[in-house]
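Before any comments, here is the structure.
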Amino acid sequence: MPSLPGPWQTPGVAGSSFTGLRDDVYRRPLATALERLGLGPGWRCADIGAGGGDVSVALAEMVGRRGRVYAVDSDPRARDQVAAAASAHSQVVAITQSGEDLQLPEPVDLAFCRFLLLHVRAPAAVIARMAGAVRPGGWVVSQEPITSAGRVAGAALSMPDVPNPDVGAVLPALVRAAGLELADAWAEAPAGAGAGPVASCLASLTGVDPGEDPVVLPPLVTVVGRRPQG
Ligand SMILES: C[S@@+](CC[C@H](N)C(=O)[O-])C[C@H]1O[C@@H](n2cnc3c(N)ncnc32)[C@H](O)[C@@H]1O
């Protein structure tokens, strides 16, 4: 069973090649989710488990100078990475904090996380903090994988070193349990065969070039939750 090892844990921070949203094979579900919200100028956002800040910078470009993006990560090294990635975006504020202790300077319109909850022991606690961080009527968007549903030449992927590699499979229930309305939820998996971005992504994650073998990367479950108005 091919295994997804460490590099996926800290892209950007640990030097993984999973950087740069324009080359990010998972960018399509992210774009779909943000479009679904109508994210635009002036929004206040938080990117929890921001890593190197690729998504934070993408959010900053969408919210503009009047908006704000809090890039939160428990790893202090992420702060410098985010500062470098967002040097042209003064609206990005890097904070070293764990998602379990999330406390922002102000309520936000959107609390977002991607590839975070698979790494935490109590994902429900993090989602609950995110739900508490948004204003009434605000949004919580979470994108998490079902690692074991990924395939290389038909064999299932695994990620034995993380606490919740398949957390995507229970994500809609976690969002509902946090008292949020389930506005939308779906799963999407990049797939390919032969040389290309999917093979490159797998190679960067596992160190194994799949060659001509067919690859289905782990499906990313996107859940769009909304805090009730009042
Ligand atoms: C796989 S990276 C995801 C980076 C980014 N969200 C993305 O999609 O490219 C996971 C990040 O979550 C951070 N992280 C892990 N556990 C955390 C926690 N409990 N609270 C906040 N950040 C955490 C790690 O330091 C790492 O930077």
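The values are calculated or read from the model by the stated rules, or taken from the named source; none is laboratory data. None of the values given here were measured: they were computed from a predicted structure. Using ideal geometry, Cβ is built from the backbone for each residue, glycine included, and neighbour counts are taken over all protein chains shown. What goes into the accessible areas is simple: the full protein's heavy atoms, side chains included, and nothing from ligands, DNA or RNA. Shrake-Rupley method; radii C 1.70, N 1.55, O 1.52, S 1.80 Å.
Does A149 satisfy the condition of being in contact (Cβ under 8 Å) with a residue 24 or more places away in the chain and of a type in the set (A, V, I, L, M, F, W, C)? Criteria met by A149. If you filter the range 38-76 down to residues that are farther than 17 Å from F115 by Cβ and among the β-branched types (V, I, T), you find that the one that is nearest to the ligand (Cβ to nearest atom) is V69.
All told, T222 meets the bar of being within 26 Å of C45 (Cβ to Cβ), among the hydroxyl-bearing types (S, T, Y) and in contact (Cβ under 8 Å) with a residue 24 or more places away in the chain.
Quick check on P163: is it assigned to a loop (DSSP other than H, G, I, E, B), open to solvent by less than 60 Å² (accessible area, probe 1.4 Å) and at pLDDT 95 or above? Against the criterion (assigned to a loop (DSSP other than H, G, I, E, B), open to solvent by less than 60 Å² (accessible area, probe 1.4 Å) and at pLDDT 95 or above), P163 qualifies. The residues in the range 179-205 that are open to solvent by 30 Å² or more (accessible area, probe 1.4 Å) and in contact (Cβ under 8 Å) with a residue 40 or more places away in the chain can be counted, and the count is 12. Checking the range 116-125 against the condition returns no match, with no residue being touching a residue at least 12 places away in the same chain (Cβ under 8 Å), basic (K, R) and more than 12 Å from the ligand (Cβ to nearest atom).
Could you check the range 35-57 and list, in sequence order, the residues that are without any contact (Cβ under 8 Å) to a residue 40 or more places away in the chain and surrounded by 19 or more Cβ atoms within 10 Å (Cβ to Cβ)?
Within the range 35-57, the subset without any contact (Cβ under 8 Å) to a residue 40 or more places away in the chain is 35, 38, 40-42, 56-57.
Result: S56, V57.
Considering the conditions (1) over 18 Å from the mean Cα position of the chain (by Cα); (2) under 23 Å from H119 (Cβ atoms); (3) part of a strand (DSSP E or B), A203 is excluded by exactly one of them, (3).
I need the full set of residues from the range 77-88 which are open to solvent by 70 Å² or more (accessible area, probe 1.4 Å) and within 9 Å of the ligand (Cβ to nearest atom), in order please. Matches in the range 77-88: R77, Q81. Screening V120 with (1) open to solvent by 10 Å² or more (accessible area, probe 1.4 Å); (2) closer than 18 Å to L205 by Cα; (3) not basic (K, R) gives one miss only, at (2). Scanning the range 128-160 for residues that are open to solvent by less than 50 Å² (accessible area, probe 1.4 Å) and under 16 Å from E106 (Cα atoms) yields M130, A131, A133, V134, G137, G138, W139, V140. Residues in the range 72-86 include at least one that is more than 20 Å from P165 (Cβ to Cβ) and in a loop (DSSP other than H, G, I, E, B). Is it the case that the range 92-107 has a residue that's more than 13 Å from the ligand (Cβ to nearest atom), over 30 Å from G38 (Cβ atoms), more than 13 Å from the chain's Cα centre (by Cα) and not β-branched (V, I, T)? Checked against the condition, which is being more than 13 Å from the ligand (Cβ to nearest atom), over 30 Å from G38 (Cβ atoms), more than 13 Å from the chain's Cα centre (by Cα) and not β-branched (V, I, T), the range 92-107 yields no hits at all.
Here's the yes/no breakdown for (1) out of contact with any strand residue (DSSP E or B) (no Cβ under 7 Å at 6 or more places or on another chain); (2) part of a strand (DSSP E or B); (3) among the aliphatic types (A, V, I, L, M); (4) modelled with pLDDT under 95:
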{"site": "R36", "(1), (2), (3), (4)": "no, no, no, yes"}
{"site": "G40", "(1), (2), (3), (4)": "yes, no, no, yes"}
{"site": "C45", "(1), (2), (3), (4)": "no, yes, no, no"}
{"site": "R66", "(1), (2), (3), (4)": "yes, no, no, no"}
{"site": "Y70", "(1), (2), (3), (4)": "no, yes, no, no"}
{"site": "F112", "(1), (2), (3), (4)": "no, yes, no, no"}
{"site": "A131", "(1), (2), (3), (4)": "no, no, yes, no"}
{"site": "V140", "(1), (2), (3), (4)": "no, yes, yes, no"}
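Candidates V175, V208: the one that is more than 15 Å from the ligand (Cβ to nearest atom) and buried (at least 20 other Cβ atoms within 10 Å of the Cβ) is V175.
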